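Read the structure below first, then the notes.
The values are calculated or read from the model by the stated rules, or taken from the named source; none is laboratory data. Everything quoted here is computed from the prediction, not taken from an experiment. Using ideal geometry, Cβ is built from the backbone for each residue, glycine included, and neighbour counts are taken over all protein chains shown. Remember, those area values only see protein heavy atoms, side chains included, never the ligands or the DNA or RNA. Shrake-Rupley method; radii C 1.70, N 1.55, O 1.52, S 1.80 Å.
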Amino acid sequence: MLIEGKKLCTVADIEALPEGKRAELIDGEMFMMASPMFMY
């Protein structure tokens, strides 16, 4: 559920993120994703 007055995000907002930043777009809301970690 989106809060009234909150801006809906678009694919363009995701594409505008800096290189290496990851996010998902679900129902107009952007969720930042953690980068994967490599274990040796």
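Data table
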item: Debye-sum result for the chain in log10 I(q)/I(0), which assumes one identical scatterer on each alpha carbon, at q = 0.18, 0.29 Å⁻¹; result: -0.57, -1.03
item: Structure-based [θ]222 nm, the chain - -39500 (n - 2.57) summed over DSSP H runs of at least 4, per residue, nearest 500; result: -2500 deg cm²/dmol
item: 9 Å beta-carbon shell around residue 30, net charge (K/R +1, D/E -1); result: -3
item: Net dipole in debye of the chain [+1 Lys, Arg Cβ; -1 Asp, Glu Cβ; about Cα centre; nearest 20]; result: 120
item: The chain, accessible surface, carbon-and-sulfur percent (1.4 angstrom probe); result: 62
item: Probe 1.4 Å, protein heavy atoms only - accessible area per residue of the chain in square angstrom; result: 98
item: Peptides 11-19, 25-33 ordered by average Cβ neighbours within 10 Å, highest first; result: 25-33, 11-19
